[in-house]
Amino acid sequence: MTDLLVPPDENSLAEAVRAAAAAREPLAIEGHGTRRASLRPVQAARTLSTRGLSGITLYRPAEMVLSARAGTPMPEIAAALAEHRQMLPAEPPDFSALFGAALPPTLGGMVAANLSGPRRIGPGGALRDQVLGVRAVTGDGAVIRSGGRVHKNVTGLDLCKLLAGSHGTLGVLTEITLKLAPRPEDSLSLAVRVADLAAGVRALSAGLGSPFGVSGAALLPGGAPELGLDGPAALLRLEDFSPFLPHRAGALRGILAAHGAVSMVEGEASLVLWRAVRDAAPLEAAADQAVWRLSVRPTAAPAVARALEEAFGARLLLDWGGGLVWAAGPALEAAHRAVMAAARAARGTFTLFRAPDSLRAAVPVVPEEPAALAAIGVRVKAAMDPLGILNPGRLRA
């Protein structure tokens with residue numbers, strides 16, 4: 001067990017990083033440690049947690065802007081936004097159950113991993129696209145600031161997007177400012193029973209190509225027995241003011257009828273269904289199993305899914321219109337090689353999202369970067385973390 005450092009404020013955190021840099025001691029960076037079993041294990045004697053930096057520091061509902069310290073639990077932010085019927089457009093997921101974690105994810109951990117839910121396909125885009133500003137501590141203990149607290153910023157180099165998705169390898173986030181969106185008044189889902197995954201992706205594409213504003217498009221290969229869906233089911237979500245939903249649902253249902261029998265899921269059942277998709281709940285598995293995420297063209301998803309089923313009997317979930325393929329299976333190098341091969345054949349990417357330490361330490365957890373891109377990454381790392389003490393080896397050996 002590593003020593004746990006929990007600084008109470010940004011200055012103390014910066015001092016802890018400076019001390020580690022002076023001693024050339026690597027640090028494992030985390031919030032609540034929800035996703036410790038993701039990516040490569042970090043070899044460090046000490047863990048630096050941002051959980052002591054918690055709380056909302058600014059909330060302007062009229063301007064739809066919120067700032068919070070990095071260690072703020074996501075449920076706390078969601079509760080504050082709910083009071084004003086607002087939300088984070090990227091619909092950040094909660095993978096606590098998937099990782100068997102006792103604590104909820106933090107805002108800093110969510111942004112550091114750039115995690116987005118089903119609304120990723122909408123105009124809001126990825127979580128990194130909603131970050132207006134950040135404060136962070138670099139690997140030499142310097143406190144930096146990028147962006148601001150308004151929607152229109154002119155700040156030169158956009159460090160916000162650089163830090164979002166860097167998994168704590170470039171800097172330790174201490175405060176994040178996000179733009180918000182109104183929460184839809186009502187929602188419902190249309191479920192299409194399809195013959196196979198290829199038919200399901202066609203149904204999702206038809207819905208996404210319609211003018212009816214689909215905000216979620218997922219495919220459950222095993223269906224949803226609790227809703228009477230006992231085979232492959234394509235799910236499409238509509239959100240709007242309550243009076244407008246019946247017309248939109250009826251029109252979309254007419255388009256989808258060509259792809260299979262269509263049923264409607266309303267009320268709390270629809271909300272529960274999309275929370276499950278958001279959090280990859282259908283893939284919850286034993287701790288000795290692995291979970292992968294593959295990003296591919298939606299049209300390539302059926303072939304990828306078929307290859308993984310044939311290789312190791314993968315349990316699957318497709319989101320983002322088929323562009324995001326979740327797969328769960330045995331934590332074996334042979335299974336991982338099958339995932340890499342399927343991603344490569346589809347000209348996509350993969351992430352070993354959850355696995356035992358033994359597998360994560362033995363295999364590439366993300367694809368190898370092209371030489372030119374890798375060279376840029378090396379220079380960025382040298383500028384932000386010159387001694388390489390922040391989450392060393394998290395992404396690559």
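Points worth noting:
- The angle separating the long axis of helix 371-384 from the principal Cα axis of greatest extent in the chain is about 50 degrees.
- Max mean-square fluctuation residue, GNM over the chain, Cα-Cα springs under 10 Å, options Asp357, Asp279, Asp288: Asp288
- Helix 245-256 and the longest principal axis of the C-alpha atoms of the chain enclose an angle of approximately 70°.
- Built from the Cα atoms of segment 281-362, the convex hull projects on average onto 4.7 nm², one quarter of its surface area.
- Gyration tensor (alpha-carbon) shape descriptor, segment 49-157, a/c threshold 1.5: rounded
- Debye, to nearest 20: dipole size of segment 108-234, +1 on Lys, Arg Cβ, -1 on Asp, Glu Cβ: 440
- Expressed as a fraction of 2.2 N^0.38 Å, the value expected for a compact globular protein of N residues, the C-alpha radius of gyration of the chain is 0.99.
- Projected label distance in nm at Ala142 and Ser12, using a 7 Å step from Cα toward the beta-carbon: 2.6
- Value at 222 nm in deg cm²/dmol, rounded to 500, when DSSP H runs of n ≥ 4 in the chain each add -39,500 (n - 2.57): -8500 deg cm²/dmol
- Rounded Å value of the spacing that divides the Cα centres of segment 320-369 and segment 24-58: 23
- Pair Asp158, Leu387: separation of 7 Å Cα→Cβ label points (nm): 3.2
- Listed residues His84, His167, His32, most fluctuating in the chain (Gaussian network, C-alpha, under 10 Å): His84
- Glu63 contributes an accessible area of around 90 Å² to the protein surface, as traced by a 1.4 Å probe with all chains present.
- Here segment 281-362 exposes an accessible surface that is 52 percent carbon and sulfur, computed with a 1.4 Å probe and the other protein chains kept in place.
- Burial ranking of peptide ranges 216-224, 99-107 (average Cβ count within 10 Å, highest at the top): 216-224, 99-107
- Build a GNM of the chain with springs between Cα atoms under 10 Å apart, and of Arg24, Arg360, Arg297 the one that fluctuates most is Arg24.
- Normalised contact order of segment 287-397, rounded percent, pairs of Cα under 8 Å and 6 or more residues apart: 30
- Local charge for Ala142 was computed over the other residues whose Cβ lies under 13 Å away, with Lys and Arg +1 and Asp and Glu -1, and equals -1.
- Taking 0.36 nm per residue of sequence separation and removing the Cα-Cα distance, the Ala371/Met264 pair yields an extension gain of 33.6 nm.
- Sequence-separation-based contact order of segment 186-278, relative, with Cα cut under 8 Å and 6+ spacing, percent: 43
The values are calculated or read from the model by the stated rules, or taken from the named source; none is laboratory data. The model shown is predicted, which means the values in this text are computed figures rather than measured ones. All Cβ positions, even for glycine, are placed from backbone atoms using ideal geometry, and neighbour counts span all protein chains on display. These accessible areas exclude ligands, DNA and RNA; they are computed on the full protein's heavy atoms, side chains included. Shrake-Rupley method; radii C 1.70, N 1.55, O 1.52, S 1.80 Å.
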